[in-house]
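Asker: Take this structure first; my questions come after.
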Amino acid sequence: MSANTFAISELPASRPFTLRLHEWVTTVDHKRLGVLYILFALVFLIVGGIEATIMRLQLVRPHNDLVSPEVFNRMFTMHGTTMIFFVAMPLVFGFANYLVPLMIGARDMAFPRLNAFSFWMSALGGLFLYFSFLGGNGLYGAGSTPDAGWFAYAPLTAKTFSVVASSEY
Amino acid sequence: MSPTNIFDPASTPADSIFGLSIFVLLNVAAVFIVVFALLAYVVVRFRSKRNDDQKEPAQIYGSTQVELAWTVIPVLIVLALFLAAARVIASVQNPPRPPGALEVIVTGHQYWWEYRYPSLNIVTANELHVPLSDPAHPTPTFLSLFSADTNHSFWVPRLAGKTDLIPNHPNQMWIDPHEPGLFLGQCAQYCGTQHAKMLLRVYVQPRDEFDKWVREQQQRSPAGTLSAGQRIFESTACVNCHTVSGTPAKGHFGPDLTHLMSRATIAAGAAPNTSQMLRLWIKNPDAIKPGSKMPAMGLNDQDLDAVTAYLETLR
């Protein structure tokens, strides 16, 4: 061991689950955050995949009435938003977080706490978006999930044509 | 063959776009074949051999010839694609306007189409009638596109590329169909709940048939005694949204019903125009097109029959 190596206290090989969970939640380590980003993306990949499946099932035959037009519109809006902002981007962030510091020989990302904060903001953003299925008073009952298309073109998203929260979630 | 087949153009703009897409497809197919043939050759020719001498192969640094080739050839390909696309865009956007051209004002509504023929004094909905255009003496139809609410897009694939209808931003497009018949299309810009059933029907008719249609559309409804159905129609909310020319019904929110029975479909192509469907549409529009802006009129069976009978006189 050379003189300028840090002395790291030995961690016990097996730690209780709560302790390991606490380590993951409070981590500022770029590799762990990278893994969290990728896991987060994979969870939303399944969610977005379920939405795509509902759309394709609706389109299996003409004049199908598996879901109402309102639900179908929500499905493609949420599928688009989910797949771009909660799957594709977190996957890229995850790999970049994990690999780029290793590739350039840095010890961690600059501002590790900000890095951790960014991940948790993304995760909460995803949960908040999906809370729209339950929260808010929608045009068609409980929930006011965005239904104005993930491109969210005005004037369809304007108050005149989307009178409920819809894309404001 | 699908009635909305993009590979079966029947009008000049669709035809030039189809020609361009085939040209681009041939170009990229050639690039694909050359690149993958070279790749396959290299993979096979330079695969590892059993008696390999393990020596490093000859290292070549720089080759003006090769570098020129892989710079100049892609530039030429891009230039050819650019020029071809520019020519097609120019020909579609700046067409000649022969004297026989017809002007139609198209207004997109949630979720139906309004057509006005200013030179012929005709207002109709959902079913556009245009004259057949003989390539030797073209009689194209120029469409001015407006929107009353959200964005829509006019897309009849066999006649022209799609063009958006944007509120407060008039757009232009044109068609000159070479074959008669019914051409189908679809609103191509997500515009709200019933975007899916905002269907387009374009009837291309030989000149004499088109003129006959124009004469019928220009006829005023005959003033006669009020039928029971007409009385109900004119004393309920129907008149707030619908127009029947020559009567107090002057609404503009819904389709003009002056010549309703000249149309083959109702609800923007969602249902055939039969008395049964018409009755259902007045009684419960959501049964045909959930989310449409037409309200259920809440009439009793007798009144429903009367209003349906009245609508069936609007020829």
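The values are calculated or read from the model by the stated rules, or taken from the named source; none is laboratory data. In this text the structure is predicted, and so the values were computed from the model without any measurement. A quick note on method: Cβ atoms are made from the backbone with ideal geometry, for glycine too, and the neighbour counts reach across all protein chains shown. Note: accessible area is taken over every heavy atom of the protein model, side chains too, but ligands, DNA and RNA are not part of it. Shrake-Rupley method; radii C 1.70, N 1.55, O 1.52, S 1.80 Å.
Asker: Do any helices (runs of 4 or more DSSP H) entirely within the range B:188-273 hold 3 or more residues that are within 14 Å of B:M294 (Cα to Cα), and if so, which?
Answerer: B:238-241
Asker: Take B:V44 and decide whether it is open to solvent by 60 Å² or more (accessible area, probe 1.4 Å), in a helix (DSSP H, G or I) and β-branched (V, I, T). Before you say what the answer is, go through the steps one by one.
Answerer: On the way: open to solvent by 60 Å² or more (accessible area, probe 1.4 Å): yes; in a helix (DSSP H, G or I): yes; β-branched (V, I, T): yes.
For B:V44, the condition - open to solvent by 60 Å² or more (accessible area, probe 1.4 Å), in a helix (DSSP H, G or I) and β-branched (V, I, T) - is met.
Asker: Let me ask another. Just a yes or no: is a residue in the range B:157-164 touching a residue at least 40 places away in the same chain (Cβ under 8 Å), open to solvent by less than 30 Å² (accessible area, probe 1.4 Å) and either among the β-branched types (V, I, T) or within 29 Å of B:I282 (Cβ to Cβ) (or both)?
Answerer: no
Asker: If you don't mind, there's one more thing I want to ask. Yes or no: B:V156 modelled with pLDDT under 95 and aliphatic (A, V, I, L, M)? First the steps, then the outcome.
Answerer: Details: modelled with pLDDT under 95: no; aliphatic (A, V, I, L, M): yes.
In short, no.
Asker: Which condition does B:R116 not pass, out of (1) open to solvent by 50 Å² or more (accessible area, probe 1.4 Å); (2) among the charged types (D, E, K, R); (3) in contact with a Cys (Cβ under 9 Å, 6 or more places away or on another chain), if it passes all the others?
Answerer: Going through (1) open to solvent by 50 Å² or more (accessible area, probe 1.4 Å); (2) among the charged types (D, E, K, R); (3) in contact with a Cys (Cβ under 9 Å, 6 or more places away or on another chain) one by one, B:R116 breaks only (3).
Asker: Looking for something closer than 30 Å to B:P167 by Cβ, at pLDDT 95 or above and not in a loop (DSSP other than H, G, I, E, B) - is there at least one such residue anywhere in the range B:67-84?
Answerer: Keep residues of the range B:67-84 that are closer than 30 Å to B:P167 by Cβ, which gives none.
No - not one qualifying residue is present in the range B:67-84.
Asker: Something else: Do you know which of the residues in the range B:289-304 that are open to solvent by 40 Å² or more (accessible area, probe 1.4 Å) and of a type in the set (G, A, S) is modelled with the highest pLDDT?
Answerer: Restricting to residues being open to solvent by 40 Å² or more (accessible area, probe 1.4 Å) and of a type in the set (G, A, S), the top hit is B:A296.
Asker: Looking at the range B:108-151 only, could you name the residues that are part of a strand (DSSP E or B) and within 14 Å of chain A (Cβ to nearest Cβ)?
Answerer: Step one: list which residues in the range B:108-151 are part of a strand (DSSP E or B), which gives B:108-109, B:112-117, B:122-125, B:127-131, B:134, B:137, B:141-147.
Matches in the range B:108-151: B:G108, B:H109, B:F146, B:S147.
Asker: Confirm whether A:R56 is closer than 25 Å to B:I288 by Cα, more than 15 Å from the chain's Cα centre (by Cα), open to solvent by 50 Å² or more (accessible area, probe 1.4 Å) and more than 14 Å from chain B (Cβ to nearest Cβ).
Answerer: Here the answer is yes, as A:R56 does meet what is asked.
Asker: Let me ask another. Going by the structure shown, is A:A88 open to solvent by 30 Å² or more (accessible area, probe 1.4 Å), modelled with pLDDT of 95 or more, more than 21 Å from A:T27 (Cβ to Cβ) and more than 14 Å from every other protein chain (Cβ to nearest Cβ)?
Answerer: Taking the combined requirement at face value, the residue satisfies it.
Asker: Taking the range A:59-85, which residues are at negative phi, surrounded by fewer than 16 Cβ atoms within 10 Å (Cβ to Cβ) and either within 13 Å of another protein chain (Cβ to nearest Cβ) or not hydrophobic (A, V, I, L, M, F, W, C) (or both)?
Answerer: Within the range A:59-85, A:L59, A:R61, A:P62, A:N64, A:D65, A:V67, A:S68, A:V71 qualify.
Asker: Still on this structure, please answer the following. Output the residues belonging to the range B:175-202 that are crowded, with 19+ Cβ neighbours inside 10 Å and away from chain A (no Cβ under 14 Å).
Answerer: B:I175, B:D176, B:P177, B:F183, B:G185, B:L200, B:R201, B:V202 - these are the residues of the range B:175-202 that are crowded, with 19+ Cβ neighbours inside 10 Å and away from chain A (no Cβ under 14 Å).
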